[in-house]
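The values are calculated or read from the model by the stated rules, or taken from the named source; none is laboratory data. In this text, all values refer to a predicted model and were calculated from it rather than measured experimentally. FYI the Cβ positions are ideal-geometry reconstructions off the backbone, even for glycines, and counts take in every protein chain you see.
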Ligand code: UD1
Ligand code: UDP
């Protein structure tokens with residue numbers, strides 16, 4: 001069985017690493033990896049291939065950055081050519097980026113079965129590009145591999161036949177279990193941090209970085225918090241690109257560093273007193289490590305984290321309101337110990353689903 005995996009952005013390399021390892025262990029399965037080139041800086045791409053031992057992509061499309069239409073369109077055209085050459089049994093896509101949508105759409109139009117890993121997530125905010133990518137990818141896909149119960153319920157609500165949906169758990173949980181090892185204390189020493197005595201933050205969502213007022217509110221709230229505790233901010237290039245246009249007084253106490261590799265990131269998350277982020281993946285990793293989290297957004301597609309008390313939403317309107325949510329989270333009791341994302345065996349379940357699932361004769 002030939003599986004063509006499409007990746008392109010940082011979180012997809014991590015998700016694909018967990019699954020590729022499981023696929024490599026199958027003698028009857030062969031993976032062809034396609035990297036769209038959506039992310040291309042060494043610290044946004046190559047570092048993950050090196051650290052997580054992901055195979056060199058069979059196809060590097062080198063699409064790069066661009067407007068949504070231009071970037072997705074170029075990917076669509078290039079992925080179509082790869083599909084025509086390879087004719088795989090499955091196309092596998094992850095998450096909610098432009099690379100996800102381009103992979104799913106190109107394959108569906110060529111009648112190549114599509115499996116979507118991390119299907120069914122909804123923020124119910126259609127102004128987010130990710131929300132459109134999720135909805136369109138789910139509806140173009142054949143097999144919807146969901147991480148949670150809520151994701152399955154979202155798909156049911158949209159009329160997707162239940163035979164197309166399999167709850168497998170979250171491959172990011174698999175990845176965090178496998179890759180949290182080594183000298184995590186050394187990472188803290190390198191950053192001059194003490195376990196349990198710092199805040200780890202990330203900010204990259206378009207809705208936050210492209211709106212100057214929101215970004216200033218977020219940075220100012222974190223900057224205030226940094227009076228009490230060091231705040232480390234490994235900064236995504238999208239956010240770095242606009243930082244120079246802001247008054248330095250809103251971020252002068254933050255420890256702003258370049259994006260770090262995944263192993264280093266896991267160590268930093270594990271020992272943080274608090275995580276503050278607008279990232280989807282980082283919210284969950286905070287939960288995996290039992291670290292309180294504040295999500296710097298008005299809503300999250302990982303609603304179960306909020307419902308179970310692990311995560312608080314801080315809509316980036318007012319700096320003062322965000323600061324009080326951040327301070328409250330510093331005092332937080334631990335949330336429920338419920339296993340929200342499976343048992344760390346999502347990759348194995350996905351492999352089984354790819355091997356055994358057959359189309360239920362549903363018209364697409
Ligand atoms: C994308 C995804 C988002 C995901 C994020 C993970 C879409 C619509 N968004 O957002 O869902 O959470 O990846 O990190 O697909 N840039 C660089 N170097 C790079 C990559 C990007 O400098 O290696 C800069 C460029 O200026 C680029 C900007 O970052 O225009 C945004 O990159 P892009 O891939 O379009 O979106 P992300 O914000 O990374
Ligand atoms: N991550 C990383 N280095 C960083 C920031 C994040 O390795 O400097 C990892 C993080 O641990 C998580 C993933 O990247 O596994 C999340 O990616 P991102 O926040 O870019 O995207 P999202 O999850 O929001 O789509």
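Annotations
- Residue among 223, 208 that is more than 16 Å from ligand 1 (Cβ to nearest atom) and touching a helix residue (DSSP H, G or I) at 6+ places or on another chain (Cβ under 8 Å): 223
- Exclusive hit being within 16 Å of ligand 2 (Cβ to nearest atom) and either assigned to a helix (DSSP H, G or I) or over 25 Å from residue 45 (Cβ atoms) (or both), set 305, 354, 326: 305
- Selection count, segment 145-168, where residues are within 16 Å of ligand 2 (Cβ to nearest atom) and either under 20 Å from residue 14 (Cα atoms) or surrounded by fewer than 17 Cβ atoms within 10 Å (Cβ to Cβ) (or both): 2
- Count - residues of segment 278-302 that are under 11 Å from residue 326 (Cα atoms) and near ligand 2 (Cβ under 10 Å from one of its atoms): 0
- The set of residues in segment 189-205 that are surrounded by fewer than 22 Cβ atoms within 10 Å (Cβ to Cβ) and within 16 Å of ligand 1 (Cβ to nearest atom) contains only 204.
- Unique match (being more than 10 Å from ligand 1 (Cβ to nearest atom) and modelled with pLDDT under 95) among 53, 80, 31: 53
- Residue within segment 261-273 that is within 26 Å of residue 213 (Cβ to Cβ) and modelled with pLDDT of 95 or more present: no
- Matching residues, segment 258-278, being within 14 Å of ligand 1 (Cβ to nearest atom) and either in contact with a strand residue (DSSP E or B) (Cβ under 8 Å, 6 or more places away or on another chain) or under 10 Å from residue 187 (Cα atoms) (or both): 258, 259, 260, 265, 277, 278
- Some residue of segment 334-343 being closer than 14 Å to residue 148 by Cα, buried (at least 21 other Cβ atoms within 10 Å of the Cβ) and touching a residue at least 12 places away in the same chain (Cβ under 8 Å): yes
- Scanning segment 244-269 for residues that are assigned to a helix (DSSP H, G or I) and either farther than 27 Å from residue 14 by Cα or touching a helix residue (DSSP H, G or I) at 6+ places or on another chain (Cβ under 7 Å) (or both) yields 248, 249, 250, 262, 263, 264, 266, 267, 268, 269.
- If you filter segment 22-38 down to residues that are in contact (Cβ under 8 Å) with a residue 60 or more places away in the chain and within 16 Å of ligand 2 (Cβ to nearest atom), you find that the one that is farthest from the chain's Cα centre (by Cα) is 36.
- Test for residue 181: is it closer than 30 Å to residue 53 by Cβ and either part of a strand (DSSP E or B) or within 16 Å of ligand 2 (Cβ to nearest atom) (or both): yes
- Pairing residues of segment 77-95 that are on the phi > 0 side of the Ramachandran plot with residues that are modelled with pLDDT of 95 or more, at Cβ distances under 7 Å and at least 6 apart in sequence or on separate chains, gives 95/11; 95/12; 95/15; 95/118.
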